[in-house]
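Shown next, in structure tokens, is the structure this report addresses.
The values are calculated or read from the model by the stated rules, or taken from the named source; none is laboratory data. In this text the structure is predicted, and so the values were computed from the model without any measurement. Methodologically, a virtual Cβ is constructed for each residue, glycine included, from the backbone with ideal geometry; neighbour enumeration extends over all protein chains shown. In case anyone asks, the SASA skips ligands and DNA or RNA and just uses the protein heavy atoms, side chains included. Shrake-Rupley method; radii C 1.70, N 1.55, O 1.52, S 1.80 Å.
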Amino acid sequence: MDKTYEMIADVLSRKFGVLESDISPDVTLTDLQLDSLAALEVADVLKEVSGASVEDSDLRQGTLRDIARALDEQAGEKA
């Protein structure tokens, strides 16, 4: 999960302008001031980068740790 979390943090920082100091495993996208439209864009970028998709509920309510775990689970299912 560490690699996946780092990838998520990198996407949020580089593509969405989130300050690295605001990013931690226990924050949600809402905590980072990303609205539902931005969350969909994050999902699209994560799918592009990782090849796995994230459920809407994980995006809206889950922490970055939850999102990383969901991506890892999907990657495991595809392997």
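Report, by residue number, each residue of the range 19-46 that is more than 21 Å from Asp72 (Cβ to Cβ) and among the β-branched types (Val, Ile, Thr).
Thr30
Could you check the chain for helices (runs of 4 or more DSSP H) lying wholly inside it with 2 or more residues that are open to solvent by 80 Å² or more (accessible area, probe 1.4 Å) and not charged (D, E, K, R)?
Working: elements: 2-16, 36-50, 56-61, 64-78.
Because the criterion is at least 2 residues that are open to solvent by 80 Å² or more (accessible area, probe 1.4 Å) and not charged (D, E, K, R), the helices (runs of 4 or more DSSP H) in the chain that meet it are 36-50.
Within the range 15-30, is even one residue closer than 19 Å to Arg69 by Cα, of a type outside the set (Val, Ile, Thr) and free of Cβ contacts under 8 Å to residues at least 24 places away in the same chain? It would help to see each step written out before you state the result.
Quick first cut of the range 15-30, residues closer than 19 Å to Arg69 by Cα only: 23-30.
Pick out the ones that are also of a type outside the set (Val, Ile, Thr) and you get 24-26, 29.
Okay, now just the ones that are also free of Cβ contacts under 8 Å to residues at least 24 places away in the same chain, so none.
Within the range 15-30 (the criterion being closer than 19 Å to Arg69 by Cα, of a type outside the set (Val, Ile, Thr) and free of Cβ contacts under 8 Å to residues at least 24 places away in the same chain), the answer is no, since none of the residues qualifies.
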